[in-house]
Amino acid sequence: MAHHDFTAPVSEHQVRALRVNDTVTLNGTLYGIRDATQIHMFDRGRKTRFDLRGHAVIHTAPNVKRVDASDEHPSGYAPVCVGTTTSDRMERFTRPLMLQCGVRIIIGKGGLREASAAAFTDLGGVYLAIIGGTAALETTWVEAIEDVDLDDLNPESLWKFRVKGFGPLLVAMDSHGGSLYTEVKRSAQARRAEVLARLGVK
Amino acid sequence: MRIDPREVEEAAKELYIRALKLLPPDIKTGMAALNARETDATAKRVLGTMITNISVAEHTDNLLCQDTGIPIYNVWIGRGVEMNGVEMKEAIRRGCQRATREYSFRSSIVHPTTRVNEHDSSGRHVPVIHIDFTDTPETLEIEMVPKGSGSENNSWLKMAIPAEGVDAIKTFVVDCVLEAGGKTCPPTIVGVGVGGTADLCVHLAKVAATRALGSQCADPEGAKLEAELSAAVNGLGVGPQGLGGDSTAFAVHVETAATHITMNPVAVNMQCHSARRARATFRAGGIEYGF
């Protein structure tokens, strides 16, 4: 259960060193991505001008405010409240995101499924669990919105955040087939019969 | 008592912002109670982060969660309240739109097929407005619930049959909690609708999911199910965020309605740990805000 401080981009070697139950804190660049962003990128062939190779993405669509572009707010957007959405809906985008864009780290809540676990193993990736519904806290880790692409999809644009001390985040799926979600699901399923018996279900 | 639609508009705006920022005291107490009982180390860290977030939101005057939800307004009109119903609905809609534009929070509402976002948290039939009547004299109450999608996406209806009995209801609830896993942002309030028609059953599940912690179903049979199911689902070990632990749900809430001799419907709708709601009470003396 080691702790790692990462500044993206990271190498395959760095990501493969991570094991389930390790923790990671991110500094520097973090990209925000969401359902519509990925539907447009992978189903409709839209391209981004951002180079995502070795980077971390977070499943988000933030609350932002339009402001005059400045050193503090280079993109012309100020972060209001940045939080994380349920990852499961974006399960089928994990492999293309890694294969076509070179993403190595996905941050989200609630976990991803088997196809993502396989992509992490095959291509060298990892899923970091953030605590869903704790956006006020998360926002304090975001220094600025540096840039934004595909902004016609706002709020589901492709966001480039600058973060500081973003974490600690829990390694919940690693590149060696480990997944806390699979473990918990298996053990919860194993308790089902006992729980139903206690409820008097015949 | 005559109600000015401009006051309703202002309250509808204020309620949306308050709901997004301030967690009701019953949920805070519920969170502390789960944390005190939790035996799993990871789960305890997760709950600790949730508790920290509540105070960060208060200190930084920020939203608790980035999901501004689907706006729902529940209105209860007491005896002797005079107002134009159409004007009131329009006022609520305008207040909801103004909250979004003036505070600059995220509009989470899109057309269901074109996915076009009008950036004002409204659209066809949204905000959702429910109107009911009470016996309370000279009182108008408006409750605002910004219903988050992580939990709303985990909603189910089963048209069970009489021969399957109460066992079908219990089994269905347990299986829904298992299927939801971490997707609903547990610990949750598991709302269960029992009986009615298909649409009423689902509505009752939502009423149950958004009820204050510590409240009980008015039907003793529903209350009995609540007690049994609350203890049972926390035996599954799904835990906060689906990462394992004792704290899968704050509680299971049940609402019941009479149903047809051939029917045995059960619905589940969940509320996430950021179980947000806000309430404005209009009386002759003025408007009071609470939960």
### Size of charge dipole - the range A:3-198 - debye, nearest 20, with Cβ of Lys, Arg +1 and Asp, Glu -1, no other charges
680 debye
### Query
Once every DSSP H run of n ≥ 4 in chain B is given -39500 (n - 2.57) and the sum is divided by its residues, what mean residue ellipticity at 222 nm do you get, rounded to the nearest 500 deg cm²/dmol?
-12500 deg cm²/dmol
### Summary
Per the C-alpha gyration tensor (a ≥ b ≥ c, the square roots of its eigenvalues), the protein assembly as shown is rounded if a/c is under 1.5, else prolate if a/b beats b/c, else oblate; here it's oblate
### Query
Considering only B:A36, A:I131, B:G95, whose Cα is most displaced toward the positive end of the charge dipole of the protein assembly as shown, charges sitting on Cβ of Lys, Arg (+1) and Asp, Glu (-1)?
A:I131
### Phi to ³J(HN,Hα) by Karplus 6.51 cos²θ - 1.76 cosθ + 1.60 over the range B:90-97, Hz, x for Gly, Pro
5, 5, 4, 4, 5, x, 4, 5
### Message
Considering the Cα positions of chain B, please state its Rg to one decimal place and its Dmax as a whole number of Å.
### Response
19.2, 55
### Query
Suppose every K and R has +1 on its Cβ and every D and E has -1 on its Cβ; what is the size of the dipole of the range B:63-146 about the Cα centre, in Debye to the nearest 20?
460 debye
### Task
Net charge near A:I145: determine it from the other residues with C-beta under 15 Å of the C-beta of A:I145, scoring Lys and Arg +1 and Asp and Glu -1.
-3
### Task
Count neighbours as other Cβ atoms within 10 Å of each site's Cβ, and list the trypsin sites (Lys or Arg not before Pro) in the range B:73-115 that are DSSP loop with at most 15 such neighbours.
B:R115
### Query
Relative to the present Cα-Cα distance, how much length would full extension add between B:R2 and B:N153 at 0.36 nm per residue of separation?
50.4 nm
### Task
Taking a cut-off of 20 Å between Cα atoms, list the aspartates and glutamates near B:K224, but don't count ones fewer than 8 places away on the same chain.
A:E194, B:E164, B:D167, B:D175, B:E255
### Query
For B:K13, which aspartates and glutamates qualify as cross-link partners when the Cα separation must be under 16 Å and same-chain residues fewer than eight apart are set aside?
B:D4, B:E87, B:E90, B:E102, B:D120, B:E141, B:E143, B:E288
### Task
Quick one: work out the % antiparallel among DSSP beta bridges in chain B, nearest 5.
65 percent
### Query
Got a sec? How would B:V128, A:V163 order by Cβ neighbour count within 10 Å, fewest to most?
B:V128, A:V163
### Query
Efficiency by 1/(1 + (r/R0)^6): what FRET value for A:D122 and B:E221, r their Cβ-Cβ distance, R0 = 56 Å, to the nearest 0.05?
0.60
### Query
So who's got an amide H within less than 5 Å of the one on B:K147, skipping anything under 5 residues away but keeping other chains? H placed 1.01 Å off N, in plane.
B:I70, B:I72
### the range A:44-120: antiparallel DSSP beta bridges as a percent of all, rounded to 5
50 percent
### Task
Might you report the magnitude of the Cβ-based charge dipole of the range B:149-271 about its Cα centre, with Lys and Arg at +1 and Asp and Glu at -1, to the nearest 20 debye?
180 debye
### Query
Taking +1 at the Cβ of each Lys and Arg and -1 at the Cβ of each Asp and Glu, which of A:H40, A:V82, A:A56 sits farthest along the dipole of the range A:37-101 towards its positive end, judged by Cα position relative to the Cα centre?
A:H40
### Summary
Mean separation of Cα contacts under 8 Å (at least 6 apart) over the residue count of the range A:31-128, i.e. the relative contact order in percent, is 27 percent
### Query
Could you give the nm distance between label points at A:K47 and A:K164, where each point is 7 Å from its Cα heading toward the beta carbon?
3.6 nm
### Query
So, in Å, what gap is there between the alpha-carbon centers of the range B:71-146 and the range A:25-45?
32 Å
## Note on the structure
Taking placed amide H atoms and a strict 5 Å upper bound, the residues 5 or more places from B:A160 or on another chain that come that close are B:N264, B:V266
#### Entry: Contact order normalised by residue count of chain B, Cα under 8 Å, 6+ apart, percent
25 percent
### Message
How would A:K164, B:K21 line up from fewest to most surrounding beta-carbon atoms within 10 angstrom?
### Response
A:K164, B:K21
### Message
Residue by residue through the range B:62-78, what is 3J(HN,Hα) from phi via Karplus (6.51 cos²θ - 1.76 cosθ + 1.60, θ = phi - 60°)? Round to whole Hz and write x for glycine and proline.
### Response
10, 6, 5, 9, 6, 7, 7, x, 8, x, 10, 10, 9, 10, 10, 9, x
### Query
Under a plain spin-label model, where a point goes 7 Å from the Cα along Cα-to-Cβ, how far apart in nm are B:R124 and B:M263?
2.5 nm
## Note on the structure
Rounded to the nearest 500, the 222 nm mean residue ellipticity computed for chain A from DSSP H runs (n ≥ 4, each -39500 (n - 2.57)) alone is -7000 deg cm²/dmol
### Query
What FRET efficiency, computed as 1/(1 + (r/R0)^6) with R0 = 60 Å and r the Cβ-Cβ distance, is obtained for A:E194 and B:E87, rounded to the nearest 0.05?
0.60
### Task
Could you list A:W159, B:W76 in order of exposure, starting from the residue whose Cβ has the fewest other Cβ atoms within 10 Å?
B:W76, A:W159
#### Entry: GluC sites (Glu not before Pro) within the range B:48-120: DSSP coil, no more than 15 neighbouring Cβ in 10 Å
B:E118
### Query
Over the range B:149-271, what is the relative contact order in whole percent, taking alpha-carbon pairs under 8 Å and six or more residues apart?
44 percent
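Rule-based calculations on the coordinates, nothing more; no lab input. It should be emphasised that the depicted structure is a prediction, and the values quoted were computed from it without experimental measurement. Cβ sites come from the backbone with ideal geometry, for glycine too, and all protein chains shown count toward neighbours.
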